[in-house]
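Here is the structure we will look at, set down as structure tokens.
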Amino acid sequence: MTIHLSVWRQAGPESSGTFENYTVNDVNEHMSFLELLDVLNEMLVRKGELPVEFDHDCREGICGSCGLVINGIAHGPQKRTAACQLHMRHFKDGDTIVVEPWRAEGFPIIRDLVVDRTAFDRIIEAGGYVSVNTGNAPDANAVLVPRDDVDRAFDYASCIGCGACVAACPNASASLFTAAKIAHLALLPQGDPERTHRVAAMVDQMQEEGFGDCSNYAECEAVCPKGISISSIALMRREYMKYLVSSTEA
Amino acid sequence: MTQTRSKLRSLITSQVGKKLLTGITGLALVVFVLEHMLGNLQFFAGDDAYNAYAHFLISLGPVLWVVEITLLVFLLTHMGLGINIWISSRRARSSKYLKSQSVGEPSHQTMSSRSMLVTGLIIGIFLVIHLASFKYGAYYETTVNGTVMRDLARLMRLKFHNPAYAFGYPAVVLILALHLRHGIWSAFQSIGAMRPSISVPAYALSGIFGVGIGVGFLIVPIAIYFDWV
Amino acid sequence: MPPVLAPKVPPGRLEEKWDKYKSRVKLVNPANKRNHTVLVVGTGLAGASAAATLAELGYRVKSFCIQDSPRRAHSIAAQGGINAAKNYPNDGDTIWRLFYDTIKGGDYRSREANVYRLAQVSNEIIDQCVAQGVPFAREYGGLLDNRSFGGAQVSRTFYARGQTGQQLLLGAYQAMSRQVAEGNVEMFARREMLDLVLVDGHARGIVTRNLVTGQIERHLGDAVLLCTGGYGNVYYLSTNAQNSNVTAAWRCHRRGAFFANPCFTQIHPTCIPVSGDYQSKLTLMSESLRNDGRVWVPKNPGDERPPSQIPEEDRDYFLERRYPSFGNLVPRDVASRNAKYACDEGRGVGSTKLAVYLDFKNSIERLGRHKIEERYGNLFEMYERITGEDPYELPMRIYPAVHYTMGGLWVDYELMTTVPGLFVLGEANFSDHGANRLGASALMQGLADGYFIIPYTLGNYIAGTKLDEVDTSHNSFSEVEAEARDRIDRLLSIKGNKTVTEYHRELGSIMWDDVGMSRNENGLKSAIGRIASLREEYWQNVLVPGDATYHNKYLEFAGRVADFLELGELMACDALHRTESCGGHFREEYQTKDGEAVRNDDQMTYVAAWEFSQEEQESKMHMEHLEFENVRLTTRSYK
Ligand SMILES: Cc1cc2nc3c(=O)[nH]c(=O)nc-3n(C[C@H](O)[C@H](O)[C@H](O)COP(=O)(O)OP(=O)(O)OC[C@H]3O[C@@H](n4cnc5c(N)ncnc54)[C@H](O)[C@@H]3O)c2cc1C
Ligand code: HEM
Ligand code: HEM
Ligand code: SF4
Ligand code: F3S
Ligand code: FES
């Protein structure tokens, strides 16, 4: 099939960008969306033009590197699917597809479709861990954890840090990402001792990074490739209330 | 871990604290409008009954003042935070998408949720006019069962025979319904009361309540205008 | 006779070596640790765990990765699980058994002392991860659950759904993040290590490229830890992530670190087959599928009928036929090879004819669709997402794919290479898996190296070595940086006719055809020649777009492919020299009448460690003799 692409091109963080139009012929329906971009890039390179820069690594939906807004939807129209796992069979011959980067103050554009997501790392650095030095751990079975708790914790822990939640949120809020980590650790006994401090610090950090507030649009859950539920955001708010009434020093 | 701000400041300025507050104030306002709507329905029980009800409320005196002041503070807080959230969210995405659409289920990105600020502001403006028209409006007196009291029923009949009021009010309360369609569910999510198991029915209930409140308000002016009561 | 390499294994009984080592090792004064900088390249399981632990101990750590975040290292993709000898199921597991299975699984080409140590620390890994909040699967009572995994008769594999690698890596990443917050780890993401800097023969620094700005940077340290993963992408298509590469290891090899057993490659039998030449990577599906799926191809070459119309008598369940006792559950290498044979005979299926069926029809009839859904639901979903076919209705099509590289930089017992101060951890080293890796043991090894081994062995090196005060203006840095710049400039200035991807694809097909699942002398010799000429052509005719001053992915790839073109030749040489079939290395000349691998224990029980030689054409081989004092070498049989 033939696919027309309208792709955001931006030379650098300070440059202003524009959309460029390209046409790719002989698109195979079994191609992934990133493979379509590969084909486009090969074409551009051969013509002596600059290829479209985009982030990718695992290409199996787990590393969280890829991130494209495809026709106005983060990661494209297929639910619970990262862009690298989206296949061309979900498009029609002759379609025009608009491809944009994640857009958010917290994710400055580096080039074309590549954005800087280090804000997420700093949110984790603010408290998204259990403070346990190597070698200090008790036997793994010393603390029992109910299976349901682990299952729920896992649901939240499966976040791949892709940033689609921010990209899709009308407010560019990082609430789902932040809440997923808080919920993962809050549901396990290992995360208990630091829970109040963790939520306070991580919530502060996401705001400092320039992400917006959460108005409960739940668009984030809808585009999340791992289907992380916004119940994590509710849980984060309960944790925050615990912090507000706790004796944890501000 | 990084130094965090004081707890009171956290409540007012942190992204989660702000939502706790919009949620709590929003819910309190919902309780008020629900009560107000049900109160208005007393109009169908007759003018005397309605006036007696209003008089009863006024006679609560200091209790009512406390409630009124609380509501006012809540309303202002709610409004302030609503605007603040909106502004900081615009700031968080200064460059817009060329194309942007919702992927659908389970997204709650709807006309209701996307228009919260606009619907809220309309309600705010309405409130000023509304209070000027009624609470601080023309003062008529009547006697019910030997007690002299304000004849609010008469004021209502007067106002709602004016088509601007008779149709303006329903328009506004429909906008209120739109505000509450997302708002009621959202408030529970904001205060952390939402669970996955109840979220879907709760969202449906939020719609029913929102529309219910709207319709409950709406029928009084319409009924008066068409002289059904 | 090639020169002999000494692995510095401590004396004493196998069981006591590590404990004795630990109690005698030199220690760095705690107050002094802050004065030592350690450069940790890579943030996979090995790198992240090492960076976190060393920082906790007080070292200053600088950590580097290619991706935009350390959390995205390739380890994130591991699915199945991680082994440990906890014996929670009480089914008779011991440290010895885990050790023995790993040695045997490696077809007796790994170092006893290392493997034993790995088994010893395996339990602590699980403790550590659980304490970090890794949500391993549990039973209803709240205790950890285990499952059995290829090659073991006990249930010793801990898992977190199909995302074990992700959860373990996030645990390590979070531990490292805590150290970043405390200022003990300085993180350099979107950096590629281009070369190693030696000062007076010691590894003292690295030269990196900032992948966003293109700037070349110098970093000084007291030791360099290479945790840069495997080189499966030399085959172009593999289950590895796109950024997986050999560059860091290869550059160190060129600076004097020996490369051991480069030809030992693992090919995984159950991957989703290639669908066209645009294909960029292969997706692994858990081996567990073979528990209930039956592998078959049509009996007759050229049978074009859809699978449902091929009657039983025209099907060949080749694994069941050839290996009646193990059937579809033969080890990875055996299953892979037989699938290749079937396709070579023209009996492959699907549009490319490079696939075999994995059929669940019988299991669905026997157990019900529900049961199958419960066991493999997510895998079936993944398959459908990628292929657009419903595996409940149609048999899956699978084909083997390159998955893991057992070879890597040679390290001694302390994980140090032949370059003092250069340590190698995780998949990048060669040490623990011999000629074949057992499932769920790479995660174990990466974390063992990072959490529990390097803290001791690095301390021993630092405490025992007097290093000169130098800074990054030292001549060695300038020279290495100039070379790195020169290489980039050369790549950019060629402006030839063929893209990097085309070359990579070509290299991949040579590697896959002749240095892949089964190898022979002629093929290898021809591969060596073809790779060399491809490499020559590459440096004349490659087309790299743009320049080096901004994010330029194709420039990154260009450098990596250049190194793969050198590595590929060494792999072929190694494969040619190893005149036996063992583990992942199958030489057609060395097989029994019915096609089983034949090892040559008398002559080949050694590690081949290759030294790069700048002047001579050929790399020089060194040998590390593998002494098996504790296990008896046996032949694998799955008949
Ligand atoms: C699909 C799949 C499934 C697997 N499943 C399992 C399993 O179930 N159980 C199991 O035990 N094993 C499994 N494995 C194997 C296992 O995942 C890997 O062997 C292991 O994760 C390697 O970890 P590592 O830390 O050595 O390297 P990696 O995780 O590969 O990390 C390499 C790091 O080095 C960095 N790097 C590389 N080159 C450079 C450079 N030049 N400059 C700077 N940084 C650089 C990268 O950015 C990255 O951070 C699987 C592998 C695959 C492909
Ligand atoms: C004075 C005018 C008002 C303004 C400007 C206003 C504005 C807003 C805005 C912008 C929001 C969304 C907040 C967000 O995006 O997170 C909101 C939420 C809400 N509003 Fe209002 N509003 C007003 C009046 C009211 C009234 C009178 C009610 C009740 C009857 C009400 C009930 C709610 C509820 C329940 C929510 C949901 C709270 C939450 O999401 O946490 N609002 N309002
Ligand atoms: C058709 C609809 C409505 C009618 C007929 C109506 C009628 C009245 C009347 C008669 C009063 C005066 C009561 C008094 O002074 O004692 C009043 C007060 C008030 N109304 Fe309404 N109202 C309507 C809708 C609304 C709506 C939609 C809101 C808010 C969103 C609202 C908010 C208020 C408030 C805040 C007061 C002042 C209450 C107080 O001072 O205690 N009303 N209303
Ligand atoms: S919550 Fe979902 S969308 Fe957001 S970063 Fe995590 S995986 Fe991506
Ligand atoms: S879409 Fe945005 S508003 Fe909240 S619920 Fe999700 S972060
Ligand atoms: S490339 Fe890894 S998630 Fe898409």
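Just so you know, the averaged projected area of the alpha carbon convex hull for the range B:71-127 sits at 5.2 nm².
Are there GluC sites (Glu not before Pro) in the range C:512-606 that DSSP puts in a loop and that have at most 15 other Cβ atoms within 10 Å, and which ones?
The qualifying sites are C:Glu588, C:Glu589.
When the helices of chain B are scored as -39500 (n - 2.57) per DSSP H run of n ≥ 4 and the total is divided over every residue, the value at 222 nm lands at -25000 deg cm²/dmol. The calculated FRET efficiency for the pair B:Asn145 and B:Leu57, based on their C-beta separation and a Förster distance of 22 Å, comes to about 0.85. When Rg and the Kirkwood radius Rh are both evaluated on Cα atoms of the range C:524-639, their ratio Rg/Rh stands at 1.11.
Near the amide H of C:Arg315, within less than 5 Å, lie the amide hydrogens of C:Lys299, all on another chain or at least 5 residues away, with H placed in the peptide plane.
Just how many % of Cα pairs in the protein assembly as shown lie over 54 Å apart, if you round to the nearest whole percent?
24 percent
For the segment A:192-203, counting C-beta atoms of other chains within 10 Å of every residue's C-beta and taking the mean gives 3.
Take the alpha carbon gyration tensor of chain B, find the square roots of its eigenvalues, order them as a ≥ b ≥ c, and report rounded if a/c is under 1.5; if not, report prolate when a/b exceeds b/c, else oblate. It would help to have the intermediate numbers written out before the result.
On the way: a/c = 2.25, a/b = 1.73, b/c = 1.30.
Since a/c reaches 1.5 and a/b is larger than b/c, the shape of chain B is classed as prolate.
Only alpha carbons enter this Debye calculation for the range C:525-581, each as an equal point scatterer, and the log10 of I(q)/I(0) it gives at q = 0.18, 0.20, 0.27, 0.31 Å⁻¹ is -0.67, -0.76, -1.05, -1.20. Applying 1/(1 + (r/R0)^6) with r as the Cβ-Cβ distance of C:Val4 and B:Ala193 and R0 = 60 angstrom yields a FRET efficiency of 0.25. Among residues other than A:Arg147 with Cβ under 9 Å from its Cβ, the summed charge is -4 (Lys and Arg +1, Asp and Glu -1). Phi-derived couplings, Karplus 6.51 cos²θ - 1.76 cosθ + 1.60 at θ = phi - 60°, listed residue by residue for the range C:492-500: 6, 8, 4, 6, x, 10, 10, 7, 4 Hz, with x used for Gly and Pro. Students often get this wrong: which residues of the range C:13-33 have the backbone nitrogen under 11 Å from the point 7 angstrom along Cα-to-C-beta of C:Glu629? Correct set: C:13-17. Let me see the P(r) profile for chain C: every Cα-Cα distance counted, bins of 10 Å, each bin given as a percent of all pairs. Histogram of Cα-Cα distances, whole percents per bin: 3, 16, 28, 28, 18, 6, 1, 0. For the range C:1-159, the Cα-based Rg and Dmax, in that order, read 18.2, 60 Å.
Electrostatic tally near C:Met406: other residues with Cβ closer than 9 Å to its Cβ, Lys and Arg +1, Asp and Glu -1, net 0. Here is the list for the range C:8-69: GluC sites (Glu not before Pro) lying in DSSP coil, each with at most 16 other C-beta atoms within 10 angstrom of its C-beta, are C:Glu15, C:Glu16. Loop sites by DSSP among the GluC sites (Glu not before Pro) of chain A, restricted to those with at most 15 other Cβ atoms within 10 angstrom, leave A:50-248 as the longest stretch without any of them. What is the distance in Å between the Cα centres of the range C:447-491 and the range C:352-383? Here the answer is 49 Å between Cα centres.
Charge tally around B:Ala193: other residues with Cβ under 11 Å, Lys/Arg +1 each, Asp/Glu -1 each, net +3. Shape analysis of the range A:1-76 yields a ratio of the Cα radius of gyration to the Kirkwood radius, Rg/Rh, of 0.95. A crude spin-label estimate for the pair B:Ser6 and C:Thr213, with each label 7 Å from Cα along the Cβ direction, gives 4.0 nm.
Close amide-amide hydrogen proximity is noted between C:His622 and C:Ala609, C:Trp610, C:Glu611, each under 5 Å apart and 5 or more residues distant or on a separate chain (H modeled in the peptide plane; Pro and chain starts excluded). For the pair C:Ala532 and C:Asn475 in one chain, pulling the backbone fully straight at 0.36 nm per residue adds 17.3 nm over the alpha carbon distance.
Computed from backbone phi with θ = phi - 60° and the Karplus coefficients 6.51, -1.76 and 1.60, the 3J(HN,Hα) list for the range A:191-206 is x, 4, x, 9, 4, 5, 5, 4, 5, 4, 5, 5, 5, 4, 5, 5 Hz; x is used for glycine and proline.
Separation of the range C:203-222 from the range C:11-57 is 23 Å, based on Cα centroids. When the charge dipole of the protein assembly as shown is built from unit charges on Cβ atoms (+1 for Lys and Arg, -1 for Asp and Glu) and taken about the Cα centre, the candidate among C:Trp539, A:Pro170, C:Ile488 whose Cα reaches farthest toward its positive end is A:Pro170. For the range B:17-120, the ratio of Cα radius of gyration to the globular rule of thumb 2.2 N^0.38 Å stands at 1.50. Across the range C:598-613, computed HN-Hα scalar couplings (Karplus, 6.51 cos²θ - 1.76 cosθ + 1.60, θ = phi - 60°) run 10, 7, 10, 5, 5, 10, 10, 7, 8, 9, 8, 10, 9, 9, 6, 10 Hz from first to last residue, x flagging Gly and Pro. The candidates A:Thr96, C:Thr157, C:Thr501, arranged from most to least accessible area with a 1.4 Å probe in the full protein assembly, appear as A:Thr96, C:Thr501, C:Thr157. Beta bridges per DSSP, both residues in chain A: antiparallel share near 75 percent. Each stretch of four or more DSSP H residues adds -39500 (n - 2.57); spread over every residue of chain C, this sum gives -11000 deg cm²/dmol at 222 nm. As an exercise, use a Förster radius of 30 Å and the Cβ-Cβ distance of B:Leu158 and B:Ile87 to find the FRET efficiency, rounded to the nearest 0.05. Rounded to the nearest 0.05, the efficiency is 0.15.
Near C:Val402, the amide H atoms lying under 5 Å from its own belong to C:Thr239, C:His268; only residues 5 or more places off or on other chains count, and H is placed 1.01 Å from N. Assuming charge only on the beta carbon of Lys and Arg (+1) and of Asp and Glu (-1), the dipole of the range B:1-128 about its Cα centre is about 1260 debye to the nearest 20. Of the solvent-accessible surface of the range C:553-638, computed with a 1.4 Å probe over protein heavy atoms with every protein chain present, carbon and sulfur atoms account for 44 percent. Centre-to-centre separation between the Cα atoms of the range B:120-154 and those of the range B:40-95: 14 Å. Diffusion coefficient (Stokes-Einstein, Kirkwood radius over C-alpha pairs, 10 °C, 1.306 mPa s) for chain A: 82 µm²/s, rounded to a whole number.
Which of the chymotrypsin sites (Phe, Trp or Tyr not before Pro) across the range C:117-182 are loop residues per DSSP, with 12 or fewer other Cβ within 10 Å?
Details: sites: C:Phe136, C:Tyr140, C:Phe149, C:Phe158, C:Tyr159, C:Tyr173; in loops: C:Phe136, C:Tyr140, C:Phe149, C:Tyr159.
Counting only loop positions with at most 12 other Cβ atoms within 10 Å, the chymotrypsin sites (Phe, Trp or Tyr not before Pro) in the range C:117-182 are C:Tyr140.
The values are calculated or read from the model by the stated rules, or taken from the named source; none is laboratory data. In this text the structure is predicted, and so the values were computed from the model without any measurement. Ideal geometry is used to build each Cβ from the backbone, glycine not excepted, and the neighbour counts take in all protein chains shown. Each accessible area value is taken on the protein alone, full model and side chains, heavy atoms only, with ligands, DNA and RNA left out. Shrake-Rupley method; radii C 1.70, N 1.55, O 1.52, S 1.80 Å.
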